[in-house]
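Worksheet: the structure to be examined is printed underneath.
Where a number appears in this text, it was derived from the coordinates with a stated rule and is not lab data. In this text, all values refer to a predicted model and were calculated from it rather than measured experimentally. Positions of Cβ are backbone-derived with ideal geometry, glycine not excepted, and every protein chain shown enters the neighbour counts.
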């Protein structure tokens, strides 16, 4: 009995250590159980070296128990389970974390309930080993250890499910407090939605608005209902006259919920594409989710919508048919239909991007210079200038302010290394349009040797392989060398690179960031430019 209790405690120790890794992935996946289960299906999680070694030892001890005299045999299960659990606990190694587990109040509650569930399971296993027939109990510890990796995500999901009523009440309290504060302050609210480009538009718009009115943008990636709620509760103050809200969604109804909390006066839609297609299942559902922002506007209110691709142009038609003031922006000659706000006469060099911004119906024309990489930033600034004019802010003053714009963090952000190499940090762009824009910026950047570092794109559903293959073909036209992170995941990119004419010796496949650093040290030098495109979260890191 004592041996079984000691074994159960050692086993719980392993479960706790592995559980912290599982909890980190669960948090990254925003507590979506199916996605945690999908991550945990990889072989290296189901059968890690630590568990294989522990289960093998428990099996050997259990098999040896068949040769032990009958009066000693009841001690064998506890010894086998204890020995196997100690080996698993000693040998267990977690992945290095790019994003560590954040011990929020919610996570602490989940871990507490998960620990209690683990203790109950351990007690049931002890009872089973005491009650079952000897042949089963001798082999039982090995079976328990083999099944343990399956138990970890299941316990975390069960703990979260049990806490759902508690979390719902807590979140409702936060939202209620935020709604009261928002109503009291009543800032003018601009909502920004789209498959890509929305964060850059948010930063640009907030920067250009601030000289005219105190402006609060949602910080970082606070683009969910609870992220917006937290921004209001912690950051919104009476001095803020404008509130720029970035809105993202993984499913229908999420943007509508944010709009109920922060009713928009003006909407900006940057794009519609396959970002999060894996979760939505169909591009039409993505379009419907983004339209929730427009549907939340007052009747006849303006919606500034990108008109340069068919899906967003169709959304503009839908907005106009619903009675909203649909204003289409884009580059000259790229619009699917007529454009209201036009960027023309574009000039790009190593130091700046220049273009002419026109709104013919409003008799507006302004030459604009921006110190930002990438032609797509022309579109981002064009949308922001349109919003400023709608708010009565002179566009000529805003155009002067555009000279001090800075890149949004991790979005084509140039970083000059001490060794003379330039890094373009585009690690937060992970969609077909964004990665092409990054490659265009790499091509325009001054440098003798152009290098791409990427793990590819994810969450694109059925089109993921094809989009990554196209990415490789396009990169082959621009890059001298490409470093691919993750052999299995980047296989379509490698195929595209070869199809585009890049030789195998210029394609470097690595598995870790340390290998990226070593490879860059071997192939790059002063004056070279390296584009870091997309930094996948830990859930996409391959387990060893």
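If R0 equals 41 Å, the separation of the Cβ atoms of residue 241 and residue 365 corresponds to a calculated FRET efficiency of about 0.90.
Extension gain, residue 314-residue 210: 0.36 nm per intervening residue step, less the Cα-Cα distance, totals 34.2 nm. How large is the translational diffusion coefficient of the chain in µm² per second when you combine the Kirkwood radius over alpha carbon pairs with Stokes-Einstein at 20 °C and 1.002 mPa s? For these conditions, the coefficient is 82 µm²/s. In terms of overall dimensions, the stretch 136-195 has a Cα radius of gyration and Dmax of 22.6, 69 angstrom. Stretching residue 283 away from residue 406 to a fully extended chain increases their span by 41.1 nm, per 0.36 nm per residue minus the current alpha-carbon distance.
Relative contact order, percent, of the chain when contacts are C-alpha pairs under 8 Å separated by at least 6 residues?
11
Take the Cα radius of gyration of the stretch 313-461 and divide it by 2.2 N^0.38 Å, N being the number of residues; the result is 1.16.
Take peptides 203-214, 141-152 and line them up by average Cβ neighbours within 10 Å, highest first, as a rough protection proxy.
141-152, 203-214
Each listed q (0.15, 0.22 Å⁻¹) maps to a log10 I(q)/I(0) for the stretch 413-540, found by the Debye formula over equal Cα scatterers with no solvent: -0.61, -1.41.
Taking each residue as 0.36 nm, the span from residue 42 to residue 162 lengthens on full extension beyond its C-alpha to C-alpha distance by 40.6 nm. Using equal-weight Cα scatterers in the Debye expression, the normalised intensity of the stretch 18-135 in log10 at q = 0.16 Å⁻¹ is -0.92.
If R0 is taken as 45 Å, the Cβ-Cβ distance between residue 170 and residue 465 corresponds to a FRET efficiency of 0.65. Could you calculate the FRET efficiency of residue 2 with residue 95 from 1/(1 + (r/R0)^6), where r is the beta carbon distance between them and R0 is 35 Å, rounded to 0.05? Once rounded, the FRET efficiency stands at 0.50. A crude spin-label estimate for the pair residue 131 and residue 506, with each label 7 Å from Cα along the Cβ direction, gives 6.8 nm. For the stretch 185-404, the C-alpha radius of gyration divided by 2.2 N^0.38 Å, with N the number of residues, is 0.95. Label-to-label distance for residue 233 and residue 220 is 1.6 nm, based on points extended 7 Å past Cα in the beta-carbon direction. Helical runs (DSSP H, four residues minimum) scored at -39500 (n - 2.57) apiece and divided by the length of the chain put the mean residue ellipticity at 222 nm at -16500 deg cm²/dmol. Across q = 0.13, 0.25 Å⁻¹, the stretch 184-282 modelled as identical point scatterers on its alpha-carbon atoms has Debye log10 I(q)/I(0) values of -0.42, -1.46, in the order of the q list. Cα-based radius of gyration for the stretch 122-260, normalised by 2.2 N^0.38 Å, reads 1.68.
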